[in-house]
Every structure is written in structure tokens, then in C-alpha cells.
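Okay, structure first, notes after.
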Amino acid sequence: MFNAPLFADPSTLAKGALAGLIFGFLLQRGGVTRYRVILGQFLLKDFTVLKIMLAAVVVGAVGIYGMLAMGLLEQTDLHIKPTVLLGNALGGVIFGVGMALLGYCPGTGVGAVADGSMHAIFGLLGMLVGAAALAEMQPWFKQHVLQTGDLGKVTLPSETGLSPWLFIGAIALLSVVGFSLLRRGKPGTEAGAETRTPALP
Amino acid sequence: MNNPLKKPRWSPYLVGSGIGVLSWITFAMMGEALGTSTTMVRAAGALEGAVDTGHVLSNPYFAHYLDGKPVFEWQFALVIGLFLGALVSAMLSGERFKETVPDLWAWRFGKSRAVRYTAAFVGGAVLLFGARLAGGCTSGHGISGGMQLAVSSWVFTATMFVSGIVTAFALFGMKGRSHV
């Protein structure tokens, strides 16, 4: 379409589709394709979202930094997104407002439509408009916002000179302690663990 | 009924670990990291391009992702696969679910579908604008970037959570907590 074929080679597409199938299956089974689970997280009632994200981060990090240490992955195989502190932070703030309003993020929104959420369809349409709007305004942002705190493709270990395992260990430890304290504080109040579908109006 | 495929909810730790292991595979065997929001950029660019290809190619942001590159690449296939995977999971669980206006929303803003759909549309537009300003979303930054210990991703995830919490409490208040 744009000076190139419309489709990548079949093997690339098959790999992407396979990864997506597993990802979508897991997101739906985890309950995060549901509005009430996402809002339950932001209202600090149901911690399913954080549990899934932190488990994915810790397990993923062990594999990635383990494979790097064993030479199965090279530093060039990483996909570090560049740090521009103002852009990352401002984008995060804007994203949080939109996500609390919609009740899904892009991945869970796509899964939510498959899971039976009608309002998520309008969320996805909005995302296309948001993408188009950003594309129009990005040159301005690049000139005025995306210069502040431009550190390049840095990681916590590369910036601090500390071992990645220190960070992985700390994230794992804080997660285990945090979630155990939460469990002790209020047992059985997590909506994400609920198996029944709520009655609809 | 011990078939795990029919259990409607899996432990969040199991699901998260599964996503972590899936990431090992995408990094080591596909040369890719899980992400979704760039696909929205490609989809928006392709839709605009169907009307005016020149406009898309003259935009440096769209051109970066689309010029000389296929629209349907690895991540686009992933997003389509994600839809199908969630659909298969929902069907296997045997749980029928249809939601037009969520309970929490209806309690606070009423049962109007038009109001909810408008809010969802605006929310989607706002969040994707933010995602692309930050360089990723909950999957690309939050999960893939987080596990690589990228500074950008931890800044995004932290600010996103704080902002989401503040917005949710501004919208629904403390009383909203008893409606989720």
C-alpha cells in the first residue's frame, strides 16, 4: 500500500498470530478483558491487573536476563523503548485518564470486544482517531516536548550500573510482600476471583 | 469438571507467568516484543491512506511506521490473533457475557448507551494519544518494557497507574468502590 506489499511474509504473520492467540486467551482467562476488573484496579479494590502485570514482568525478566547471561540472547535482541522523561510521563498521565474512562487498554480492549463488550467497540474506534490525531501533532510534540529528559534507550541497570538481578529480585520481593499483606488485610474481596457473571440491567 | 479450559478464571499469577513465558518465545524465536498500540497507528494510517496515500506518506510519524513497510506485519497479526484467542477462551469457558453499559458506569452516569459509548470513544482516543506520545501502552511499555527494566517503561507505568487511580476516583468517588 505504501511503497511496499500490504502483507508481511506468511511466516512472520503466522508467528504474530500465534503469539496473539495465546496472549488473547490469557488476557480473557485472567479477567482483564472486563471493565469491572480494570476499574476495580484503579479504585484499589481488585488487584488482578497488577498481579498479572508484575508476574509477567518478573517471569519475563528472569527469562530475558537469563538468556542474555547464557548468551542465548544478545543485547541487540532487546526492544528497549527510548526514554524521553517528559514524553513518557506526560503520555502516561494522558493514557491513565483515557484508560480509566474507557475501562480497557488497547490489548484488553481488543480482547473485550471478543469477550462481548459492546462499548469497547467504540473505544477501539476512538483509538484510531487518537492515533490519527497524534500523528498530525507529533512533529510539534517532537520539537517542544520530546526533548526534555532525552536519555536514549536506557535501562535501570544501565543507568545505575547495578545488576539487573537486583532489580528483578526487588520487584519480585515487593510484589510477594505487597500481595500477601493485601490478602491478609481483606480476604475474599477480590472481584477478579469471582466466577459468576454479574447480572446485567 | 476439572478441565482447566472450562474454568472461567485462572489465577492472575498463572496468567501473568504465562505472558512472561510467551515473551521469552517472542524475544528468542520471533525477534519481537509483545505490544499492541503501534497497530492502531498502522490501522489509522491505512484507513487514511485508502483516501489519500500522499497525505499519510507526507506525515513523518505515519511514514516512520508505514513508508516502505507492510501494513499487516507481526504486531498487526498479533492483534488479530489476540481477538481470536480471547474469543476462543470466552467460548471454551462456557460463560455468556454481553455488556453495553457496565454496572459501575450505570450507577454513576445512568443507563444511557449513547453516553457510555461516547465516553468509551473519547477514552479510547485519549489513551491512544497518550500511548503514542509515551512510545507504548500497557503491553509494549507495561509488560514488555517493564521486564526489560527499561527506564521509559517504568516511568510510563508508574504515571499511568497514578493517573488512572486519580481519574477513577474523580469519576466514581469512594462510593464507586462498592460497585465493582
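Bear in mind these aren't lab numbers, they're just calculated from the coordinates by the rules spelled out. Source: prediction; values computed, not measured. With ideal geometry, Cβ positions are generated from the backbone for all residues, glycine too; neighbour counts draw on all protein chains shown.
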Worksheet item: Which aspartates and glutamates does B:Lys69 reach when only Cα atoms under 12 Å apart count, and residues fewer than 8 places away in its own chain are ignored?
Response: A:Asp9
Worksheet item: Using bins 5 angstrom wide from zero, how does P(r) for segment B:1-155 break down, in % of all Cα pairs?
Response: 2, 7, 11, 15, 17, 18, 14, 9, 5, 1, 0, 0
Worksheet item: Evaluated at 20 °C with a viscosity of 1.002 mPa s, what Stokes-Einstein diffusion coefficient in µm²/s does chain A have when Rh comes from the Kirkwood expression over alpha-carbon pairs?
Response: 107 µm²/s
Response to the item:
Hull volume per residue for segment A:13-89, using the convex hull of the C-alpha atoms, in Å³ is 153 Å³
Worksheet item: If amide H atoms are built 1.01 Å from N in the plane of the peptide, which residues on other chains or at least 5 residues away come under 5 Å of the amide H of A:Thr155?
Response: B:Val151
Discussion item. Over segment A:63-110, what portion of Cα pair distances is larger than 12 Å, expressed as a whole percent?
Written reply: 73 percent
Fill in: Residue with peak Gaussian network fluctuation, chain B [Cα springs, cutoff 10 Å], from B:Val51, B:Val41, B:Val126
B:Val51
Practice prompt. Treat each spin label as a single point 7 Å out from the Cα along the C-beta direction, and report the B:Phe169 to A:Trp165 distance in nm.
Written response: 3.9 nm
Discussion item. Could you identify which residue out of A:Thr160, A:Thr48, A:Thr108 has the top mean-square fluctuation in a GNM of chain A using Cα springs shorter than 10 Å?
Written reply: A:Thr160
Fill in: Of the DSSP H helices in chain B, those whose Cα atoms cover at least 18 Å axially and whose Kyte score averages 1.0 or more
B:12-25, B:74-93, B:113-134, B:151-172
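Can you list the equivalent-ellipsoid semi-axes of the protein assembly as shown, largest first and in whole Å, using the square root of 5 times each Cα gyration tensor eigenvalue?
29, 25, 21
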Worksheet, complete the sentence: For the pair A:Leu125 and B:Thr53, the simple spin-label estimate (label points 7 Å beyond Cα toward Cβ) gives in nm 2.8 nm
Item to complete: Determine the sum of side-chain charges near A:Gly92: Lys and Arg each +1, Asp and Glu each -1, restricted to other residues whose C-beta is under 15 angstrom from that of A:Gly92.
Response: +2
Worksheet, complete the sentence: Whole-Hz Karplus couplings 3J(HN,Hα) for segment A:12-20, θ = phi - 60° and coefficients 6.51, -1.76, 1.60, Gly and Pro as x, run 4, 5, 5, 5, x, 5, 5, 4, x
